[in-house]
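Q: My questions all concern the structure below.
Here, each number is a calculation from the coordinates, and none is a lab measurement. Quantities reported herein were computed from a predicted structural model and do not represent experimental measurements. Note: ideal-geometry Cβ built from the backbone for every residue, glycine included; neighbour counts use all protein chains shown.
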Amino acid sequence: MAMKLFSANKLWIFSGLFCGVCLSVGWVHDLAADGSHGGPFRDINHFVIIYTENRSFDGVFGNYPGAEGLASRSALVPQKDRDGTLLPNLPPVWMLRGQADIRFPDDLPNAPFAIDRYAAAGEKTPDLVHRFYQQQEQIDLGTNDKFAAVSNAGGLTMGHYDEVNQTLWKLAREFTLADHFFHAAFGGSFLNHFWLICACTPEFREAPDKLVAVLDSRTGFLARKGTSPKSALEGPPEWVRDGAVTPDKYAVNTLQPTYAPYSEDAPPDERLPPQTLPTIGDRLSDKQISWAWYSGGWNEAVAGRIKPYADPEQFQPHHQPFNYFLAYAPGTKARASHLKDLGDLLTDIKHGSLPAVSFYKPVGRQTMHPGYADLKSGEEHVAAIINLIRSSPNWKDTAIIVTADENGGFWDHVAPPKNDRWGPGLRVPAIIISPFAKHGFVDHSIYDTTSILRTLEVRFGLEPLGLRDANVSDLRNAFMSGDATP
């Protein structure tokens, strides 16, 4: 299937003065009272981005009617072994240290399979590798046929859920589901959270050698150890050094921030130095547009009352991208004004005082992340937040965008568009929920995570953060015309 990432639509030109005051929170909004600015989004005064975790589109919506899913002919391409031959069957579902998960057969056919035949959506499954170099090797120039060969979880990568009766399907049926929404960067949560807020990859110029990935000069992918199993059927691959930093010193896999909260296991020389590139928060603040990053567990983690990466909350410091930036260092006014807790979000929803732009990151156990969370409880949590917003005074002019940060190591059959060295990665679920969203609509437009940034830039007259968000399609096709009345 031939696809083009960039849209042909022109950049919007903004002129005149913006005005309006958000009395409920005391912030100045950059919104035009007459609605003459903001292009197709001019009637939307509140955006809420809910950022979940680690699910591919086929993994959750592969059987959704009208979407490009598992019924597609291209979804029938079988997985290859590490030597390029076809696998006779999928590898076992590996757990830690190569032990098989006995809930799953050890000889699943070489094809997509329903996870919920063996483990319900409310059960946890093993985590799957979802890192920068591994995903590129799995994509295999767009054939997407090396997922089982490169995964640490074996055959689980080919699993999906039959979501007909699940919460996200119900929301998709009511509003708009985007079936070609790709996560912005190859790999995992760390890098994709950066791309959500700055369309950028952080630098670590002074990274110690122990953090730098060792690559195979022939392939450009990670170098394998001589003891690495030759076949995926024998066990997960073993790497010489699966580092978090590229040889030219970009940070692409999980690193801890300089500022707390961070893992106590990370020594100071392995923490990412504070970053200074512009973010969407900076762009909004420059225009005096209200915004906040709300996170489950934030107050507790900052106060030290819960330990990062520990049960039961599983607070993830690398899911807090603004905490990696100098502008939001502890003690700054910007940090106090914009980095908030779930409790603050609930209060703002209740009182109809949501800022113009809200990002919400659930605490780890509610993110849907395999390994330490499950799909069902995460969906139910997201639905509860959405229902609160729909019952609030802000609902009448709000757009909610629910998407996953990345695929979490799960296979998807659609080749991602080719753009730059960072991505995009695979398709992820994306639902647009709003009184202005098209109802019961499957949007086939080509998007990536930076389409969210582009939408905000068009609405509020902001300068793009980089080439990707300057040229990617915004989300206008998911909405009724700007003149439509809900």
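Q: Looking at the square roots a ≥ b ≥ c of the eigenvalues of the Cα gyration tensor of the range 257-324, which shape do they give, rounded for a/c under 1.5, prolate if a/b is larger than b/c, or oblate?
A: Working: a/c = 3.18, a/b = 1.48, b/c = 2.14.
Oblate, because a/c is 1.5 or more while a/b does not exceed b/c.
Q: Just round it to a whole percent: the fraction of Cα-Cα distances in the range 30-137 exceeding 20 Å. All intermediate terms of the calculation are to be shown ahead of the outcome.
A: Working: 3553 of 5778 pairs.
In whole percent, the long-distance tail amounts to 61.
Q: Let me ask something else. Taking a cut-off of 12 Å between Cα atoms, list the aspartates and glutamates near Lys170, but don't count ones fewer than 8 places away on the same chain.
A: Result set, ordered by chain and number: Glu379, Glu380.
Q: Would you work out if the range 328-463 is rounded, prolate or oblate? Take a ≥ b ≥ c from the square roots of the eigenvalues of the alpha-carbon gyration tensor; rounded if a/c is under 1.5, else prolate when a/b is larger than b/c, oblate otherwise. Kindly include the intermediate steps, with their values, before the conclusion.
A: On the way: a/c = 1.34, a/b = 1.31, b/c = 1.02.
Taking the square roots of the gyration eigenvalues as a ≥ b ≥ c, the range 328-463 is rounded.
Q: Now a separate question. Rounded, prolate or oblate: which fits the range 311-351 when a ≥ b ≥ c are the square roots of the eigenvalues of the alpha-carbon gyration tensor, with rounded for a/c under 1.5 and prolate only if a/b beats b/c? Intermediate values should be presented prior to the final figure.
A: Numbers: a/c = 2.80, a/b = 1.12, b/c = 2.49.
Verdict is oblate for the range 311-351.
Q: Among Leu465, Leu388, rank each residue by its count of other Cβ atoms within 10 Å, from fewest to most, as a rough exposure measure.
A: Numbers: Leu465 23, Leu388 14.
So the ranking, lowest neighbour count to highest, is Leu388, Leu465.
Q: Provide Ser434, Ser392, Ser473 in ascending order of the number of other Cβ atoms located within 10 Å of each residue's Cβ, fewest first. Write down the numbers at each step before the final one.
A: Values: Ser434 27, Ser392 18, Ser473 21.
Placing the least packed residue first, the sequence is Ser392, Ser473, Ser434.
Q: Continuing with this model, one more query. Tally the DSSP beta bridges in the chain and give the antiparallel ones as a percent, rounded to 5. Mind dumping the intermediate values first?
A: Details: 19 of 48 bridges.
Roughly 40 percent of the DSSP beta bridges within the chain come out antiparallel.
Q: Once Rh is set to the Kirkwood radius over Cα pairs, what Stokes-Einstein translational diffusion coefficient, in µm²/s, holds for the chain at a temperature of 25 °C and a viscosity of 0.890 mPa s?
A: Details: Rh = 22.7 Å.
For these conditions, the coefficient is 108 µm²/s.
Q: Would you mind ranking Leu86, Leu326 so that the residue whose beta carbon has the fewest other beta carbons within 10 Å leads the list? Display every interim value, and only then the final one.
A: On the way: Leu86 11, Leu326 14.
Sorted ascending by nearby Cβ count, the order is Leu86, Leu326.
Q: Give the distance, in whole Å, between the Cα centre of the range 319-346 and the Cα centre of the range 98-160.
A: So the separation of the two Cα centres works out to 35 Å.
Q: Here's something else I'd like to know. Considering only Cα-Cα distances, which of the following residue pairs are longer than 32 Å: Lys230/Lys376; Lys210/Lys376; Lys340/Lys396? Intermediate values should be presented prior to the final figure.
A: Values: Lys230/Lys376 36 Å; Lys210/Lys376 38 Å; Lys340/Lys396 24 Å.
Correct reply: Lys230/Lys376; Lys210/Lys376.
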